[in-house]
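All remarks here apply to the structure that follows.
The values are calculated or read from the model by the stated rules, or taken from the named source; none is laboratory data. Keep in mind the model is a prediction, meaning the values are calculated, not measured. Cβ: placed from backbone, ideal geometry, glycine included. Neighbour counts: every protein chain shown. Just so you know, the surface numbers come from the protein's heavy atoms only, side chains and all, with ligands and any DNA or RNA stripped out. Shrake-Rupley method; radii C 1.70, N 1.55, O 1.52, S 1.80 Å.
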2 protein chains.
Amino acid sequence: MPNYQASLDRVFWALGDPTRFAIVEQLARQPASVSDLARPFNLSLPTFMQHLGVLEECGLVTSEKTGRVRMCSLNKNKLEEVDAWISAQKRLWTTRFDALDKLLENDK
Amino acid sequence: MPNYQASLDRVFWALGDPTRFAIVEQLARQPASVSDLARPFNLSLPTFMQHLGVLEECGLVTSEKTGRVRMCSLNKNKLEEVDAWISAQKRLWTTRFDALDKLLENDK
DNA sequence: TTAATACTTAGCTATTGACCTAAGTATTAA
DNA sequence: TTAATACTTAGGTCAATAGCTAAGTATTAA
């Protein structure tokens, strides 16, 4: 099973669906089996599995099957990657304002 | 102009498109007019504007028209919101492991 | 006051994505 | 060894999205 290096926008895309967003919020609390995860959602199992597939493909979730049960977990590393990107954008934005401030300072 | 309180998954969804992702990365560096922003993209202007519309609707971008030029800026607050959500999920995840560690500690 | 610029609107097309049902496979419980 | 459980595969529908062109409007430059 190769670890497809998903690009960040794919991760964002995955989180952009309300169902998948909720799945991630649930998995942040604790790992869970597919059916336990699926129970609160009013979706057919194949549909639900598709969402899990998307989350797994983009690296946000990992899963392992033992016997007939598949356990899913959140991959914290992917969250860190997202976090890092956001921080970088915030930093760029802030840096710009700092530079502007300095410029105005010099003008005095 | 009402400020549509966009839910977070809509923000993720907006960032999930490569074009919009790139627009945000650009706007983090500096505000820009629509045509300046659009130039590097191989898209028709209407298509490009549609992407800007999505970013604006979800609150990631603001814009203001003066004369015939519309200037776009990043809304840092939205980035903060995203950041806060990610941090919360990471915290939940970590808390769980801390609890597990404590449990194992007690078992010794 | 004409022409160019910078969007904007309208309307169409193709693809993707979210959903479903039905039927299958592999494990485990009875 | 039969039945139930927990997915999994196959295949189909429909709406939403990303893309386009053509034809506007409003501002500014010439």
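Okay, here's what the table says:
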item: Alpha carbon centroid spacing (whole Å) that separates segment B:27-96 from segment A:41-70; result: 31 Å
item: Sparsely packed trypsin sites (Lys or Arg not before Pro) within segment A:1-88, loop by DSSP, other Cβ within 10 Å at most 10; result: A:Arg68
item: Chains B and A together, accessible area buried on both sides, 1.4 angstrom probe, square angstrom; result: 3000 Å²
item: Calculated label separations, B:Asn77, copies of the chain, 7 Å along the beta-carbon direction, nm; result: 3.7
item: Pair A:Ser73, A:Gln30: separation of 7 Å Cα→Cβ label points (nm); result: 1.5 nm
item: Cross-link table A:Lys65/A:Lys90; A:Lys78/B:Lys65; A:Lys90/B:Lys65; A:Lys65/B:Lys90; A:Lys65/B:Lys76; A:Lys78/B:Lys78, entries beyond 32 Å C-alpha to C-alpha; result: A:Lys65/A:Lys90; A:Lys78/B:Lys65; A:Lys65/B:Lys76
item: Paired Rg and Dmax values of segment B:8-107, which use every Cα atom, in angstrom; result: 19.1, 71
